[in-house]
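Structure, as structure tokens:
The values are calculated or read from the model by the stated rules, or taken from the named source; none is laboratory data. Predicted model, so just to flag it, every value in this text is computed and none were measured. For neighbour counting, all protein chains shown are included, and Cβ atoms are generated from backbone atoms with ideal geometry for every residue, glycine included. With ligands, DNA and RNA removed, areas are computed over all heavy atoms of the protein, side chains included. Shrake-Rupley method; radii C 1.70, N 1.55, O 1.52, S 1.80 Å.
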Amino acid sequence: MSVSYIGAWNVEAVLALHADAKKLWGVFNDEPWAMLTDATLWDGGTPDVFQRWWEFFTDAASHGMTTVTDVLPSSFHAVMVKDLAQKASQISNYRHSANIEEAVRWLGSQGFRKG
């Protein structure tokens, strides 16, 4: 599954992501799946976004997501999500990627294909 974050996020954006993602989880038929997070056009989020995003992430992990890579627009954004990335690495095979091509290659090396 590929997720794109664009612009500034608020709680409503995370709730919409979560609702849309839930519709896709059934397609995976309990098989392990990966998520590529493209945040290259993401501006950031309000403080309450990060707790809601963690709820989305843990729900995804409970529905078969095992592997995650993200692509962020800057080191500033990496600092914003540092705590979440650390928590994510405790419940998934997590890696930050420098760009989309690297992310796709890494996911491929983990046994996942873009599709």
For this session: Hey, could you check the stretch 39-85 for residues that are of a type in the set (Asp, Glu) and farther than 17 Å from Ser4 by Cα and say which is least open to solvent (accessible area, probe 1.4 Å)?
Result: Asp59
Problem set entry | Residue match in the stretch 1-21 (condition: free of Cβ contacts under 8 Å to residues at least 40 places away in the same chain and in contact with a His (Cβ under 8 Å, 6 or more places away or on another chain)) | no
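Touching a residue at least 24 places away in the same chain (Cβ under 8 Å), open to solvent by less than 40 Å² (accessible area, probe 1.4 Å) and under 21 Å from Gln51 (Cβ atoms): is that true of Ser92 in this structure? Please lay out each step first, then the result.
Details: touching a residue at least 24 places away in the same chain (Cβ under 8 Å): yes; open to solvent by less than 40 Å² (accessible area, probe 1.4 Å): yes; under 21 Å from Gln51 (Cβ atoms): yes.
In short, yes.
Please count how many residues of the stretch 95-104 are surrounded by 15 or more Cβ atoms within 10 Å (Cβ to Cβ) and among the polar types (S, T, N, Q). Spell out the reasoning first.
Filtering the stretch 95-104 for residues surrounded by 15 or more Cβ atoms within 10 Å (Cβ to Cβ) gives 95-97, 100, 103-104.
Then drop every residue that is not among the polar types (S, T, N, Q), which leaves 97.
Final tally of qualifying residues: 1.
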Problem set entry | Members of the stretch 18-33 found to be within 13 Å of the chain's Cα centre (by Cα) and at pLDDT below 95, listed by number | Ala21, Trp33
Exercise. Hey, does the stretch 33-43 have a residue that's under 29 Å from Gly108 (Cβ atoms), touching a residue at least 24 places away in the same chain (Cβ under 8 Å) and in a helix (DSSP H, G or I)?
Worked result: no
Exercise. Only one of (1) touching a strand residue (DSSP E or B) at 6+ places or on another chain (Cβ under 7 Å); (2) open to solvent by 20 Å² or more (accessible area, probe 1.4 Å); (3) at pLDDT 90 or above fails for Ala13. Which number is that?
Worked result: (1)
